[in-house]
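The values are calculated or read from the model by the stated rules, or taken from the named source; none is laboratory data. Quick caveat, the model's predicted, so the values are computed rather than measured. Counting neighbours? That spans all protein chains shown, and the Cβs are built from the backbone with ideal geometry, glycine included. The area values use the complete protein model at the heavy-atom level, side chains included, leaving out ligands, DNA and RNA. Shrake-Rupley method; radii C 1.70, N 1.55, O 1.52, S 1.80 Å.
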Amino acid sequence: MTAMNSANVRLTVPYAKIEIMSEKLHITAYSQSELADLVTGIGEPKYRAKQIFKGLHERRLRDFEEMTDLPKAFREKLELAATASTLSVESRYVSEDGTRRFLMKTHDNFPVETVFIPTENRDTICFSSQSGCPLKCDFCLTAKLGLLRNLTAGEIVEQVIIVLNDVYGVGRETPHGTNLVAMGAGEPFMNFENLIKALGIMSEEEGLFIVPNRVTVSTVGIVPKIYEFAALDKRPHLAISLSAPNDELRSRLMPVNKRWNIDELMTAAKAFERSLRRGERFTFEYVLLGGVNDSDAHALELADLLNKYELNRVKINLIPHNAAEQLDYHPPEPEQVDRFKAILESRGVSAYVRRPRGRDIYAACGQLAAKETPNLMQLASVN
Ligand code: SF4
């Protein structure tokens, strides 16, 4: 879509928080009911909202020109006032295991990373909630970027549309549905409002129809937001990144622990557990760093911690660290990963080992921004 001359274009914006990009409305951030307000506000019939919404989200079109069920004059009006296409793909890598990693760029030149992970039964898209990240987890490469900016709801939705179109083709159905995980760059709970707005749009039946039950949000432990998240009517699943069984070690690895310590985090987790639906569990993620947090003693301490807070409906995902040259950590020994898991299980804690995906293209956990970081920083510094 080309840059516009907005001088002659006037649209009433019904919602103060709707995104306006380069003087165009970012229409991917509109729910169907917001679109209805928008189109009726400019004298168009309400059913146009449904046509636009389906075009954007069900057919995954990114250009109004292709929405040929809309009258040409209306398409032109939309083209002048709005855009569905604000992210561009800068690079794309395909791993030998089928994982795809996308480096995108916002309209104002901030980097966005998104990963597609195919598995036999379902595909998963790992999206970013922020460009960069303000938190400084010591084992994570994204932390090196710092926070560049929050992503808007429309940018979060657009990441998913771009990836689905790349993998399946525009508008094509996904063969076995799609799961979403908010585990890319950034801390989702520090961009809470946009995250929830985006997930609401993506869950709409006449659009992507990715319901909350197919979504997992991962936080490092922004404690007040865990309570807020628990209280949501239709909420996705929750994963909490723990990665250490005591405050001394966790504060060293994850400085957020100095703000909300393990006791506060576990108390919030217990409250969250009470909000679980029938049969639902939640997850603690534990990045295993060789020689740092992966000893037998750490495993015992972790099991004791969960048992102390009587967290029963929880599982632990053990994530062997993905080595990157820029970080001073190394992966755990495979035998130690097995021992760690066995110790947890012997204490009644469910534990799983997450197989690393896309390591060769720096798409694995904690690796985002590992490759082409200079390029990303260059993009970021344009502002
Ligand atoms: S692990 Fe997550 S929260 Fe921590 S620095 Fe990396 S992106 Fe941010």
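Ignoring everything except DSSP H segments at least 4 long, calculate the 222 nm mean residue ellipticity for the chain; use -39,500 (n - 2.57) per segment, divide by total residues, nearest 500.
Working: 11 runs with 118 residues, N = 383.
Computed ellipticity for the chain at 222 nm equals -9500 deg cm²/dmol.
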Per the Kirkwood treatment, what hydrodynamic radius in Å, one decimal, follows for the chain from the mean inverse distance over all distinct Cα pairs? 21.8 Å
For the pairs Lys72/Lys234; Lys24/Lys46; Lys197/Lys308, note any where the Cα-Cα span goes beyond 30 Å. Lys72/Lys234; Lys197/Lys308
State, to one decimal in nm², a quarter of the convex hull surface area for the C-alpha atoms of the range 208-263, i.e. the direction-averaged projected area. 4.5 nm²
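With +1 on each Lys and Arg Cβ and -1 on each Asp and Glu Cβ, how big is the dipole of the range 38-128 about its Cα centre, in debye rounded to the nearest 20?
Working: 15 positive and 15 negative charges, 78 e Å.
It works out to roughly 380 debye.
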Of the accessible area of the chain, computed with a 1.4 Å probe and all protein chains kept, carbon and sulfur make up a percent value of 49 percent
Leading residue at positive end of dipole, the chain (Cβ point charges), from Leu78, Gln326, Thr124: Leu78
List the relative contact order of the range 227-283 as a percent without decimals, with contacts defined as Cα pairs under 8 Å and 6+ residues apart. 44 percent
Among His107, Pro134, Asn150, whose Cα projects farthest towards the positive end of the dipole of the range 89-227, with charges put on the beta-carbon of Lys, Arg (+1) and Asp, Glu (-1)? Pro134
Please list 3J(HN,Hα) in residue order for the range 240-255, calculated via the Karplus relation 6.51 cos²θ - 1.76 cosθ + 1.60 where θ = phi - 60°; whole Hz, with x for glycine and proline. 10, 7, 9, 6, 7, x, 9, 5, 4, 6, 5, 5, 6, 7, 9, x
Between Asp328 and Ala271, how many nm apart are label points set 7 Å from Cα along the C-beta direction? 3.6 nm
Total charge dipole magnitude, the chain, about the Cα centre, Cβ charges on Lys, Arg, Asp, Glu only, Debye to nearest 20: 660 debye
Using only the Cα atoms of the range 46-172, build the gyration tensor, take square roots of its eigenvalues as a ≥ b ≥ c, and label the shape rounded, prolate or oblate: rounded if a/c is under 1.5, else prolate if a/b is larger than b/c, else oblate. oblate
What dipole magnitude, in Debye to the nearest 20, does the range 149-275 give about its Cα centre under +1 on Lys/Arg Cβ and -1 on Asp/Glu Cβ? 360 debye
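Sort the following peptides by mean Cβ neighbour count (other Cβ atoms within 10 Å, averaged over residues), highest first: 171-179, 221-229. Mind showing how you got there, number by number?
Details: 171-179: 14.0, 221-229: 18.8.
Ranked from most to least packed, the peptides come out as 221-229, 171-179.
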Sorting Ala198, Ala49, Tyr352 by the position of each Cα along the dipole of the chain (Lys, Arg +1; Asp, Glu -1; all at Cβ), the one nearest the positive end of that ordering is Ala49
Under the classification rounded if a/c is under 1.5, otherwise prolate if a/b is larger than b/c and oblate if not, where does the range 42-87 fall, given a ≥ b ≥ c as square roots of the Cα gyration tensor eigenvalues? oblate
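What number comes out for accessible area per residue over the chain if the probe is 1.4 Å? Units Å², please. Display every interim value, and only then the final one.
Values: 16530 Å² over 383 residues.
Solvent-accessible surface per residue comes out at 43 Å².
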Two-decimal log10 I(q)/I(0) for the range 170-308, as the Debye equation yields it once each C-alpha is a single scatterer, q = 0.10 Å⁻¹: -0.38
